[in-house]
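Notes for the one structure printed next.
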């Protein structure tokens, strides 16, 4: 069963937010984050875009990778800078 790890981005007036998660269906999950009450509480009420995604052969591998990406602040910062069109990303 293929699983995915993803990083979402959303601009706010004061900073650029990122969110890391995993799913079995990227399109469905992005739609949930953007339009329904099913999305994670921290993502509700915002418009998110997909910044990055990786495909993994199993849920367990995707969940493990999600754990690592949540702690990789440098990657998340680079993705946010790139999304904002800033140099040095």
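The values are calculated or read from the model by the stated rules, or taken from the named source; none is laboratory data. Please read these numbers as outputs of a predicted model, since none were measured by experiment. Virtual Cβ from ideal backbone geometry, glycine too; neighbours counted across all protein chains shown.
Things to note:
- Checked against (1) under 14 Å from residue 17 (Cα atoms); (2) surrounded by 12 or more Cβ atoms within 10 Å (Cβ to Cβ); (3) at pLDDT 90 or above, residue 74 passes all but a single condition, namely (2).
- Residue count, the range 47-64 (criterion: under 11 Å from residue 7 (Cβ atoms) and not in a loop (DSSP other than H, G, I, E, B)): 6
- In the range 23-62, residue surrounded by the most Cβ atoms within 10 Å (Cβ to Cβ) [restricted to those that are in contact (Cβ under 8 Å) with a residue 24 or more places away in the chain and more than 16 Å from residue 8 (Cα to Cα)]: 56
- Number of the exception - residue 4 against (1) in contact (Cβ under 8 Å) with a residue 24 or more places away in the chain; (2) loosely packed, with under 13 Cβ neighbours inside 10 Å: (2)
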